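Report on the following structure.
A short reminder: the numbers here are calculations on the coordinates, not readings from a lab. All of these numbers come straight from a predicted model, not from anything done at the bench. Glycine also receives a Cβ, built like all others from the backbone with ideal geometry; neighbour counts cover every protein chain displayed.
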Amino acid sequence: MYLVKQQLIDSLLEAARIVYPNEFICLIGSKQNNQILDDLVVVPAVYGDSYSFIHSHLVPIDPTIKGSVHSHPTQSNQPSTADKQAFQKLGSVHLIIGYPYTIDCIQMYDSQGNPIHFEVIQ
Ligand SMILES: [Zn+2]
């Protein structure tokens, strides 16, 4: 199970609101390289309407990067087929934030697209 810092959650929700109705896309990491997610990693082309905007050769090879985050312009936080394919390339933990971008709109998935539980810590 992963722990996510409240400050990171707040940043992600704010970013999702700002870029709406586009999708917000970024990578997330752990500064301590452990199970606590606390780092937002901005990648080239963070806004777009699909994951095709993240090109794996642009992503730095960094062991502190754990996975990805993106928002949906709809209330669905279920991964699409394209999302699941991207998850397999972009790390082990992935967040999808559905509209209207509150904490309850966030779902975490593993690299196969299976829902996993997370807790928010201060
Ligand atoms: Zn998606």
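Descriptive notes on the structure:
- Across region 18-43, the residues whose backbone nitrogen lies under 19 Å from the label position 7 Å along the beta-carbon direction of Thr74 are 20-25.
- Ignoring aspartates and glutamates fewer than eight residues from Lys31 along the same chain, the ones with Cα atoms less than 13 angstrom from its Cα are Asp39, Asp62.
- Residues Met1, Met108, sorted so that the one with the fewest Cβ neighbours within 10 Å comes first: Met1, Met108
- Charge context of Gly91, other residues only, Cβ under 14 angstrom, K/R +1, D/E -1: -1
- Measuring nothing but alpha carbons in the chain and taking Rh as the Kirkwood radius, the Rg to Rh ratio lands at 0.91.
- Here Lys89 is the anchor, and the aspartates and glutamates within straight C-alpha reach of less than 13 Å, apart from those fewer than 8 places off in the same chain, are Asp110.
- Formal net charge of residues neighbouring Ile36 (Cβ-Cβ distance under 14 Å; K, R +1; D, E -1): 0
- Residue-count net charge about His70 - beta-carbon cut-off 10 Å; Lys, Arg +1, Asp, Glu -1: -2
- Percent antiparallel among DSSP beta bridges (both partners in the chain, rounded to 5): 60 percent
- Counting every other Cβ atom within 10 Å of each residue's Cβ, Glu119, Glu23, Glu14 order from fewest to most as Glu119, Glu14, Glu23.
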